[in-house]
Amino acid sequence: MTEPAEKCRLYLITPPRLDLSTFENTLLTALSAGDVACVQLRLEGTDDDAICRAAERLCPLTQSHGAAFLINDRPDLAVKTGADGVHIGQNDMSYIQARNSVGAERIVGVTCHNSRHLAMVAGEQGADYVAFGAFFPSPTKQTASPAEPEILKWWSALFEIPSVAIGGITVENCPPLIQAGADFLAVSSGIWNHPQGPGEAVTLFLEQIERTDNTGDQV
């Protein structure tokens with residue numbers, strides 16, 4: 001997922017808490033519904049052993065469907081569990097530290113909030129993608145730095161490094177982000193809490209992507 005996408009793609013983020021005994025099938029349903037580029041394991045309030053257990057179950061499943069598997073914040077556990085890379089926030093560690101931990105071949109993505117400066121620094125250092133947001137209020141994470149679609153337009157016009165849009169994204173509100181040039185839509189509750197289930201949610205997101213281009217039009 002390190003090349004700019006010709007068409008916007010889905011990037012799934014796990015719920016902050018999950019029951020592996022049921023979530024494995026939930027994830028399988030989502031992955032089986034259509035094109036998913038990436039799954040990020042982002043758990044809160046869990047110890048390293050729980051993160052590793054989840055990764056060891058979910059990583060092979062994700063990779064078997066052609067998607068990358070990333071772990072939030074923990075490059076050491078990404079290496080230990082065979083994940084494809086890591087996503088880091090601005091308060092976690094530096095890009096350089098993360099890259100040194102995971103090596104040259106794994107993905108390192110960086111949260112840049114609504115900051116053009118942070119994004120340019122991450123890009124210059126070698127980040128595989130930059131993540132902007134939150135674009136909408138999110139039920140899974142407090143919004144400290146609201147972003148506007150204009151930052152996606154600016155980035156896509158000037159840089160080849162992919163951008164990820166994140167924060168409260170749903171089937172209904174995603175078209176402006178696609179039109180603005182987001183390479184990936186990072187979605188959590190918009191998938192797992194969709195009233196018609198995660199499989200149907202993936203289908204509906206992909207339909208939105210198919211009918212919405214990056215020129216400001218729906219096709």
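Odds and ends about this structure:
- Those residues of the range 160-180 which are surrounded by 23 or more Cβ atoms within 10 Å (Cβ to Cβ) and on the phi > 0 side of the Ramachandran plot, in sequence order: GLY167
- Annotation: of all residues in the range 68-100 being within 13 Å of ALA127 (Cβ to Cβ) and in contact (Cβ under 8 Å) with a residue 40 or more places away in the chain, the one that is surrounded by the fewest Cβ atoms within 10 Å (Cβ to Cβ) is GLY85.
- Checked against (1) closer than 18 Å to LEU204 by Cβ; (2) at pLDDT 95 or above; (3) surrounded by fewer than 21 Cβ atoms within 10 Å (Cβ to Cβ), ARG57 passes all but a single condition, namely (1).
- Sole residue being crowded, with 20+ Cβ neighbours inside 10 Å and modelled with pLDDT of 95 or more, chosen from ALA104, ALA157, ALA134: ALA134
- Residue in the range 164-219 that is nearest to the chain's Cα centre (by Cα), counting only those that are hydroxyl-bearing (Ser, Thr, Tyr) and modelled with pLDDT of 95 or more: SER188
- All of ILE151, ILE71, ILE107 fail the test of being touching a His at 6+ places or on another chain (Cβ under 8 Å) and among the β-branched types (Val, Ile, Thr), apart from ILE71.
The values are calculated or read from the model by the stated rules, or taken from the named source; none is laboratory data. Small disclaimer: the values here were computed from a predicted structure and weren't measured. Using ideal geometry, Cβ is built from the backbone for each residue, glycine included, and neighbour counts are taken over all protein chains shown.
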